[in-house]
Amino acid sequence: MHTHTKTLSLAVLAAAATTVVVAEDAPKSSWETSANANLGLSSGNSKNFIVNSGILSVKKWDRNELTGTADVNYGQTTTFAPNGAHTAIVESKTTTAQSYGAGLQYNRLVWEDRGYFLAKGDARQDKVAGVDHRFTLAPGLGYYLIREKAMELKAEVGPGFVFEKLKGLPEKNYVTLRVAEAFKWNITEHARLFQDLEYLPQIDRFGNYVANASVKVEADITTSLALNITLRDTYRSKPAPYDVLPVVFRKKNDLTLTAGVTYKF
């Protein structure tokens, strides 16, 4: 299974990038890349630690747009309680977040510099949510509803193909619909707001769906360094079960709020 997972992950990302290979030759252009690191700590009668980091790279040339992303999230809580004999304090550690993801999307502008064809692939694992792996391939159409220097708003729609393994359940592959939007607003010359939403229902069972959303506010400190506050939410209508009997399912919603720094290079 481990080998199968790796192979499928590579296949997903390679499929999303295939369109780039067949695109017409274009002059080289520099990538716009930013990396962020967010950290949260608390101590006392309990200790809480959460860290997440990610990278975003964008390349635009002629009528082409290529975007790559990757992220890692980890959290741990430590609690203290007396042992059974009340002779010592025992430390107990619980992993509260452990997820990894990567994605690649290619857009080809085809009319009025607003409409585009897209090919998207992403892979994700979330151990706490019981997601052993989830790979998504999603071709589609997109359109820039607003495309100005200070503001961008785009919408995307198309079919999707999901390869998913939830902990305690057999592997499941199915066709989904993908509907998404993304918004960027340059509030001032040194402050920006980003927002996105993605909805992926199973095409023959709309009650089974995943919705992803995020909002980020970013303010420059220097030309290459910025502070950010990020709110992320993932909602899974049919979550994975715990390994207990009778079966109890995990919570449907995972929400995180973090603050940190972004480095642009």
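The values are calculated or read from the model by the stated rules, or taken from the named source; none is laboratory data. Computed from a predicted structure; not experimentally measured. Cβ atoms come from the backbone with ideal geometry, glycine included; neighbour counts cover every protein chain shown.
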* Structure fact -> If you go through Tyr144, Tyr106, the only one that is touching a residue at least 60 places away in the same chain (Cβ under 8 Å), closer than 30 Å to His190 by Cα and not polar (S, T, N, Q) is Tyr106
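Considering only the range 77-95, how many residues are touching a residue at least 24 places away in the same chain (Cβ under 8 Å), surrounded by fewer than 16 Cβ atoms within 10 Å (Cβ to Cβ) and either under 11 Å from Ser46 (Cβ atoms) or aromatic (Phe, Trp, Tyr) (or both)?
3
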* Would you pick out the residues in the range 193-231 that are farther than 30 Å from Leu166 by Cβ, without any contact (Cβ under 8 Å) to a residue 24 or more places away in the chain and surrounded by 18 or more Cβ atoms within 10 Å (Cβ to Cβ)? -> none
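Pull up the range 232-246, narrow it to residues that are touching a residue at least 60 places away in the same chain (Cβ under 8 Å) and farther than 27 Å from Asn36 by Cβ, then point me to the one that is farthest from the chain's Cα centre (by Cα).
Top of the filtered list is Asp243.
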* **When residues of the range 151-177 are limited to those that are of a type in the set (A, V, I, L, M) and modelled with pLDDT of 95 or more, the one nearest to Thr136 (Cα to Cα)** => Val162
* Which residues, taken from the range 233-250, are modelled with pLDDT of 90 or more and not small (Gly, Ala, Ser)? -> Asp233, Thr234, Tyr235, Arg236, Lys238, Pro239
* Structure fact -> Within the range 123-160, the residues that are acidic (Asp, Glu) and part of a strand (DSSP E or B) are Asp126, Asp132, Glu152, Glu156
* Structure fact -> Residues of the range 88-112 being more than 25 Å from Pro159 (Cβ to Cβ) and part of a loop (DSSP other than H, G, I, E, B), in sequence order, are Ala88
